[in-house]
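Following: one structure in structure tokens, then a few remarks.
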Amino acid sequence: MKDNQQNIEKFILTLNMINKKFDGVEILRDFNLKVKRGEVLGIMGPSGCGKSTLLRLIAGLERPDGGQIYLESKLISSNDKIVPPNKREMGMVFQNLALWPHLTVEQHLCYGISNLDKDVQSQKVKEMLDYLDLSNLAKRYPEQLSGGERQRVSFGRALIMKPLILLCDEPFNSLDRELRWKTRDLFYEIVKEEEITTIFVSHDPEDLIEVDRIYRLDN
Ligand SMILES: Nc1ncnc2c1ncn2[C@@H]1O[C@H](COP(=O)(O)OP(=O)(O)OP(=O)(O)O)[C@@H](O)[C@H]1O
């Protein structure tokens, strides 16, 4: 028991013997995964193998049927305990996690840090706008942005709150080829520079070119 506890503390995220079924169909069975602090982990696997389900379990959007998930040494998921997504300090950039049409770029960035003082909020938003080269678009709404600009806002929204873990599910899918590579390069620059622990799901090896490790999910 003591060894197990020490092992959990070494990693920022530990999935232990996770089981998940949908309508009686097994998606994950006795699934184990450990992620080190600052690691950029790529998850690959064929369509339908459970990649998005895995991220949703980590984010707290799904509950496992069995097993445990620990964030640092804290139990955040089991079949009788679930810490809600907004209490997990995780940033999410999912392909279907759309921007809100009624909020401007800067309002999107403010969203996750609304608990901070106004001055601190403004400073952080300014820095993030500069970082993502969005300063001249701060007052625009999503419909007035290109696909790549929207994707950068979505990263900014997740990154500004300094998440313990950044979860990305096929984040570049909607972008055309050239923009995809440009956005991808900026993405790696940020997560590596800021040492953000990241789990990145993609079916495309080109997306995962700079990850520290690839986990192949196959069943
Ligand atoms: N809420 C749900 N109810 C029932 N079945 C589901 C649900 N969510 C996912 N599934 C099924 O679970 C399996 C795994 O889905 P998941 O989205 O995790 O796969 P994936 O590996 O991300 O696939 P893709 O690469 O195509 O996005 C699929 O067969 C899917 O149909």
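Numbers at a glance
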{"read-out": "Neighbour-count order for M90, M17, fewest beta carbons within 10 angstrom listed first", "value": "M17, M90"}
{"read-out": "For P46, net neighbour charge (Lys/Arg +1, Asp/Glu -1) across residues whose Cβ lies under 15 Å away", "value": "-1"}
{"read-out": "Share antiparallel - DSSP beta bridges, region 2-216, percent rounded to 5", "value": "50"}
{"read-out": "Size of electric dipole in the chain: Cβ of Lys, Arg +1 and of Asp, Glu -1, about Cα centre, debye, nearest 20", "value": "520"}
{"read-out": "Compactness of region 47-134, expressed as Rg and Dmax over alpha-carbon positions, Å", "value": "16.4, 45"}
{"read-out": "Contact order relative to length of the chain, as percent, for alpha carbon pairs under 8 angstrom and 6 or more apart", "value": "28"}
{"read-out": "The chain: projected area of the alpha-carbon convex hull, averaged over directions, in nm²", "value": "13.0"}
{"read-out": "Span from the region 19-78 Cα centroid across to the region 181-219 one, whole angstrom", "value": "18"}
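Values quoted throughout were computed directly from the atomic coordinates according to the rules given, and no laboratory measurement underlies them. Everything numeric in this text was worked out from a predicted model, so none of it was measured. Please note: Cβ atoms are built from the backbone with ideal geometry, for glycine as well, and neighbour counts cover all protein chains shown.
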